[in-house]
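Peer 1: Quick one: structure below, then a few questions.
The values are calculated or read from the model by the stated rules, or taken from the named source; none is laboratory data. Everything quoted here is computed from the prediction, not taken from an experiment. Methodologically, a virtual Cβ is constructed for each residue, glycine included, from the backbone with ideal geometry; neighbour enumeration extends over all protein chains shown. Just the protein is used for accessible areas: all its heavy atoms, side chains included, with ligands, DNA and RNA removed. Shrake-Rupley method; radii C 1.70, N 1.55, O 1.52, S 1.80 Å.
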Amino acid sequence: MSTHDKVAVITGGGTGIGKACALAFLKDGYRVVISGRRAEPLEETIKEAGVDSSRMIGVPTDVGDPAAVKNLFAKTMAAFGRVDVLFNNAGGNAPGILFEDLAWEKWKSVVDANLNGMFLCSQEAYKIMKDQTPRGGRIINNGSISAHVPRPDSAPYTATKHGVSGLTRTIALDGRKYDIACCQVDVGNAMSTLASRMAKGVKQANGTVAPEPMITCEDVARSVLFMANQPPEVNIYHLMVMATKMPYAGRG
């Protein structure tokens, strides 16, 4: 394991894509902060990594709560003193609910996790990055193929992921003057807790249910680390990583 002075904050870091990214960044030499709603998965990830608090810490965080997000970045600064990379990975879904039956509370919970949480975390990281020395950093947002096209019965998830694209582009523009790069990774069918149901069968646009090819969370982690490790003057603005045979290209 190599070491360097870079610090990465990864939300949703206790499971799935976030966990795979946390372990990949750690192996690459980053000091890593992972957050998630529950403490136990964070503790399990740190135990699996086999490192102490000088290399990785976990901070239980509801990213939709402004006070919790401020606490996350305060603890990051107390432990490591800077933020070089933020991977906004935390999110949720309300799959399979007919649009006309979608409750406001469910809509709001997805918006809070996927869009409001990404704004709150980005803003805290942005403020740190603009003032630290060396200045700048990189914010990587986890979009989705749903940032481009919807699946059936996915209004809150699809709407928030389209919003993520707008947030990414705005931060990329506004962050230039502070040497802050912002980019987006759109993932198609990674075998995470959120998406694993697709391997068993997921509703298609024509109303049928069919299993879909999947990729691993480690496949995604390699792409996210590649984006993070570009030199400051280079930004991989948008990267889509997906199962080669999934029904996206050619609309089926």
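Peer 1: Counting pairs of Cα atoms in region 14-82, how many percent are more than 17 Å apart?
Peer 2: Across region 14-82, Cα pairs with separations above 17 Å total 38 percent.
Peer 1: Given (1) 19.8, 73; (2) 17.5, 54; (3) 18.7, 64 as candidate values of Rg and Dmax of the Cα atoms in Å, which corresponds to the one derived from the coordinates?
Peer 2: Given (1) 19.8, 73; (2) 17.5, 54; (3) 18.7, 64, the structure-derived one carries the label (2).
Peer 1: So, one more: Taking a probe of 1.4 angstrom, what is the accessible area of ARG169 in Å², to the nearest 10?
Peer 2: 120 Å²
Peer 1: Stretch LEU102-MET77 to full length: gain in nm at 0.36 nm per residue minus the Cα-Cα span?
Peer 2: My answer for the length gained is 5.0 nm.
Peer 1: Limiting things to C-alpha atoms, what are the Rg and the maximum Cα-Cα separation (Dmax) for region 204-247, in angstroms?
Peer 2: 14.8, 46
Peer 1: Relative to the longest principal Cα axis of the chain, at what angle does helix 217-228 sit, 0 to 90 degrees, rounded to 10?
Peer 2: 50 degrees
Peer 1: Can you compute the charge dipole magnitude of the chain about its Cα centre, using +1 on each Lys and Arg Cβ and -1 on each Asp and Glu Cβ, nothing else charged? Give it in debye, rounded to the nearest 20.
Peer 2: 300 debye
Peer 1: Quick one: compute the contact order of region 19-164, relative version, from alpha carbon pairs under 8 angstrom and 6+ residues apart, as a percent.
Peer 2: 22 percent
Peer 1: Then there is this: With a 1.4 Å probe and every protein chain left in place, tell me how much accessible area GLU43 has, in Å² to the nearest 10.
Peer 2: Accessible area, nearest 10 Å²: 120 Å².
Peer 1: Please report the relative contact order for the chain, taking Cα pairs under 8 Å with a sequence separation of at least 6, and give it as a percent rounded to a whole number.
Peer 2: 17 percent
Peer 1: Which whole-Hz ³J(HN,Hα) couplings does region 7-17 yield from phi under the Karplus relation 6.51 cos²θ - 1.76 cosθ + 1.60, θ = phi - 60°, glycine and proline marked x?
Peer 2: 10, 10, 10, 10, 7, x, x, x, 8, x, 4
Peer 1: Could you work out what % of the accessible surface of region 1-84 is carbon and sulfur, using a 1.4 angstrom probe and leaving DNA, RNA and ligands out of the count?
Peer 2: 50 percent
Peer 1: Ok, one more. Run the reach check for LYS75 against lysines, Cα to Cα strictly under 20 Å, same-chain hits fewer than 8 apart removed. What comes back?
Peer 2: Qualifying lysines at Cα under 20 Å: LYS6, LYS19, LYS47, LYS127, LYS130.
Peer 1: In whole percent, how big is the carbon plus sulfur part of the accessible area of region 98-147, probe 1.4 Å, protein atoms only?
Peer 2: C and S atoms contribute 59 percent here.
Peer 1: Give me the Kirkwood hydrodynamic radius of region 110-184, using the inverse of the mean 1/r over all pairs of distinct Cα atoms, in Å to one decimal.
Peer 2: 12.8 Å
Peer 1: Can I ask one more? With every protein chain left in place, what is the accessible area per residue of the chain in square angstrom, probe 1.4 Å?
Peer 2: Per-residue accessible area for the chain comes out at 47 Å².
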